[in-house]
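What follows is a short report on a single structure.
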């Protein structure tokens, strides 16, 4: 840690704590995530889903991992520094539709790239979207999974207010469509500056979802009704309400996209690439995401070489390359 001067704490959670720090060698301000768990070996660290995923991705709308180092079995992840989260900004700012369009277009570009490269986030929420000036980036891939990963997946993912219905209903088979549901909730929140499906329990959130988009039917989502029967859950009977009454400042194009993202049936939600082609984004410049070749752990990643060098040495602190 001698290379860094700690400036301030900027985040804390079950994973550990995040600090803003100054790289004394380069003068760059970075964000350092100190993990709570101990990792005695290099392999354990490089197998962390966040490290593996970010090692395979490089996109202007995904937070970049700049390095990894270890001090006495405590792992530190070094990220680029961003000024604030979308959650923090929403507390003090009202967004115009053009601003919402710009922010969401960037997020969908990041998601399209992530999904194309074989990962989905599973914890999309305003806290995990970071901004500096006019750029927004997807952060915190600690809950991410490979799209072709081994199932079943855990059903305890995503902050409750942005959690897709299939996850609430304990589906063990789900896919990047959970990120798209979360984006529908986030887009709506950008218009009204409060969570659309705020609730203190899964049951309360599902009740509010039914009130907004109407309860599912056999024709809308028969698989979901079967999942509900499997856990002895009965959906409340609600016809739903017009989104325009809840989001009065949103254009018809915005309402159409949000409504499609908030589809009960995951198969009916657009992919991130399809969302980018929606008329809501007609005025935005579309950059097609490309698939990055997979990076294997035995390749010469600079931060991995630093970590290996540290492990072979007897020094107590790593030097980040």
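The values are calculated or read from the model by the stated rules, or taken from the named source; none is laboratory data. What you see is a predicted model; the values in this text were computed from it and never measured. Note that we place each Cβ from the backbone using ideal geometry, even for glycine, and neighbour counts take in every protein chain shown.
Does at least one position in region 175-182 carry a residue that is closer than 28 Å to residue 146 by Cβ, modelled with pLDDT under 95 and in contact with a strand residue (DSSP E or B) (Cβ under 8 Å, 6 or more places away or on another chain)? Yes: region 175-182 contains one or more residues that are closer than 28 Å to residue 146 by Cβ, modelled with pLDDT under 95 and in contact with a strand residue (DSSP E or B) (Cβ under 8 Å, 6 or more places away or on another chain). Would a scan of region 282-303 turn up a residue that is buried (at least 16 other Cβ atoms within 10 Å of the Cβ), at pLDDT below 95 and either over 19 Å from residue 110 (Cβ atoms) or touching a strand residue (DSSP E or B) at 6+ places or on another chain (Cβ under 6 Å) (or both)? Yes, the conditions are met somewhere in region 282-303.
Residues in region 149-174 that are farther than 22 Å from residue 256 by Cβ and within 13 Å of the chain's Cα centre (by Cα) were compared, and the one that is modelled with the lowest pLDDT is 157. Conditions: (1) part of a strand (DSSP E or B); (2) in contact (Cβ under 8 Å) with a residue 60 or more places away in the chain; (3) buried (at least 19 other Cβ atoms within 10 Å of the Cβ). Residue 32 meets all but one. Number of the miss? The one condition residue 32 does not meet is (2). Restricting attention to region 57-72, the residues being farther than 19 Å from residue 136 by Cα and buried (at least 18 other Cβ atoms within 10 Å of the Cβ) number 4. The criterion of being in contact (Cβ under 8 Å) with a residue 60 or more places away in the chain and either in contact with a strand residue (DSSP E or B) (Cβ under 8 Å, 6 or more places away or on another chain) or at negative phi (or both) holds for residue 49. Here residue 194 passes the criteria (1) surrounded by fewer than 13 Cβ atoms within 10 Å (Cβ to Cβ); (2) within 20 Å of residue 171 (Cα to Cα) except the one numbered (2).
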